[in-house]
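The next block holds one structure in the form of structure tokens; read it before the comments.
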Amino acid sequence: MLAKKVNPPEISGIKQEISPTYSMRYFTESIPKYQIPGDGMPANAAYQLIHDALQFDGLTAFNIGSFTTTWMEPEAEKLIMENLGKNFIDRFEYPETAEIHQRIVNMLGRLFNAPEEADFCGSATVGSSEVIELGLLAHKWTWKKNRIKQGKSTDNPNIIFGADAHICWDKFARYFDVEPRIIPMEKDRFCIDAKSVIERIDENTICVGAIMGTTFTGACEPVKEINDLLIQVKEEEGWDIPIHVDAASAGFILPFVNPKLEWDFRLPQVRSINVSGHKFGLVYPEVGWLIFKNQTDLPEDLIFYVNYLGDTMPTYTLNFSRGSDMVLAQYYNLLHLGHSGYTNVMNNCMNNARYLAHMLTDSDIFKLVNNLELPVITFRFKNTPVFTPFQLSQKLRERGWILPAYNLPENAHDMTVMRVVVRETFSRDMAETFYVDLIKAYQMLDETEKEHLEPNVSPRRGHHMT
Ligand SMILES: *Cc1c(COP(=O)(O)O)cnc(C)c1O
């Protein structure tokens, strides 16, 4: 987040003579909000002030639009707390943490079906965005090296992805100076198709992006078809164009609920994959994973060897220092849940998503926009009431629910949808409560509108949400 300068109002000082035990006494003075206070305050006072102010934040349990994990088991939290001060980059100081990192990359390389002969490699990052920038940069580098080898120009690299891609794809294109060739979304199709990819590629295409679980609708893109057409292009033109699969959300879902679906390293053109550990990897925010199918997919000149901290260590990340806690928490989940545990959790999410989706379509008020390949329900109004999904979302917020409403991009941008991401914590009971509240909120808005349009009709009563 880019924070901006705020000019503080007049500041009144904090009285020093008050004994630290009487923390509440500090509550009768303003605190300097936008500059460091001259003197501090007792720990309990600072804690209480911040703790209370944060009650204004939404409740994570009711944030049903988010993909990111909001709950972990007490044992995971214990490990996190025990390792908070451990800088992940200090491999020499914390060799066991480095070993655990290595194990996770191996588990994921195999989860994504790297062929036996593939010597995959990878790294933890702070999230999928960092991964996507690093993954695509590697493909840009490989393309450039090949062009130089062939004595050809390296002036105009391009990358192909859909308008349904996450903002980090656009970021990559701008930050790393690659022309984005964006496939527009259509009203009847919310992801790219293989044909529109092939129409846009040329000898300067560094990579094709395919999204497994788009942020907008949870749709999964046809990676296999794209792969097959790229193989054909390779035979005909000699261009070996890699696919990067953005499996931020689906990377921890599909291998468990739909293992036969081929979207991963089983496909020859898929050379790198990202997954967010902090989404369906079931870890709190700050961990993503980058996996390259082969070490040769990560050009050697992008790897930096640092030896400030003891031994020599190869790194491929944008950040240097970072916490170890979420990497360790990821390992905890993998060990604790195992394959069957993840399968259970993901199947529960899928079943609860189907259950809620069913209620929504039965209501006759809403219709689904996607077809539930993942536990992500994107829906919209069946009819066109005078109010918008934004207003409905705002109404639900009164009850505490955080339900995102947003427009789809490009050609479908006049379509406003709402999204529920059914995560591990979204129980069936909660789905039912949410559904009741959703319908109530809809009816309240509907009635307010009717009263507005027909002022002679006496206002109805008893429509408060309780
Ligand atoms: C969430 C998401 C991202 C960004 O991932 P972060 O881990 O939040 O950086 C990228 N792509 C897709 C498809 C996503 O769902």
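Structural remarks
- For K144, a cut-off of 18 angstrom between C-alpha atoms picks up these aspartates and glutamates, skipping any fewer than 8 places away in its own chain: E133, D155, D177, E179, D202, E203, E237, D240, D297, E300, D301.
- Charge tally in the Cβ shell below 12 Å around F387, where Lys, Arg are +1 and Asp, Glu are -1, F387 excluded: -1
- Within segment 38-74, chymotrypsin sites (Phe, Trp or Tyr not before Pro) in DSSP loop having at most 16 other beta-carbon neighbours inside 10 Å: W71
- Between segment 354-386 and segment 66-143, the alpha-carbon center distance in angstrom: 35
- Packing order of peptides 119-127, 298-306, highest average first: 119-127, 298-306 (average count of other Cβ atoms within 10 Å over each peptide's residues).
- Between the exposed loop cleavage positions of the chain, defined as trypsin sites (Lys or Arg not before Pro) in a non-H, G, I, E, B DSSP state with at most 10 neighbouring beta-carbon atoms within 10 angstrom, the longest gap is 34-259.
- Computed from backbone phi with θ = phi - 60° and the Karplus coefficients 6.51, -1.76 and 1.60, the 3J(HN,Hα) list for segment 437-449 is 5, 5, 5, 4, 4, 4, 5, 4, 5, 4, 5, 4, 5 Hz; x is used for glycine and proline.
- Residues H244, H51, H339, sorted so that the one with the fewest Cβ neighbours within 10 Å comes first: H51, H339, H244
- Between R200 and N319, the FRET efficiency from the beta-carbon distance, with R0 = 30 Å, is close to 0.40.
- Under 23 Å from the Cα of K395 - lysines, other chains or at least 8 residues apart: K367, K382, K440, K450
- As a rough footprinting exposure proxy, the listed residues M418, M326, M81 were ranked by other beta carbons within 10 Å of their own, and the order from fewest upward is M81, M418, M326.
- Loop-located GluC sites (Glu not before Pro) in segment 114-175 whose Cβ has at most 14 other Cβ within 10 Å (DSSP): E116, E117
- Bridging of K5 to lysines at a Cα separation below 29 Å is possible for K15, K33, K171, once same-chain residues fewer than 8 apart are set aside.
- Annotation: extensible slack from I439 through D52 equals 136.1 nm (criterion: 0.36 nm per residue apart, minus Cα-Cα distance).
- The equivalent ellipsoid that matches the C-alpha gyration tensor of the chain spans semi-axes of 40, 34, 22 angstrom, in descending order.
- Once the Cα-Cα distance is subtracted from the 0.36 nm per residue extended length, the N146 to T384 segment shows a gain of 80.3 nm.
- The orientation-averaged projected area of the convex hull spanned by the Cα atoms of segment 156-241 comes to 5.3 nm².
- Look at W289, W401 and count the other Cβ atoms within 10 Å of each Cβ; fewest to most, that gives W401, W289.
All of the numbers you see were taken from the coordinates with simple rules; none came from a lab. Values in this document were obtained by computation on a predicted structure and should not be read as measured data. Virtual Cβ from ideal backbone geometry, glycine too; neighbours counted across all protein chains shown.
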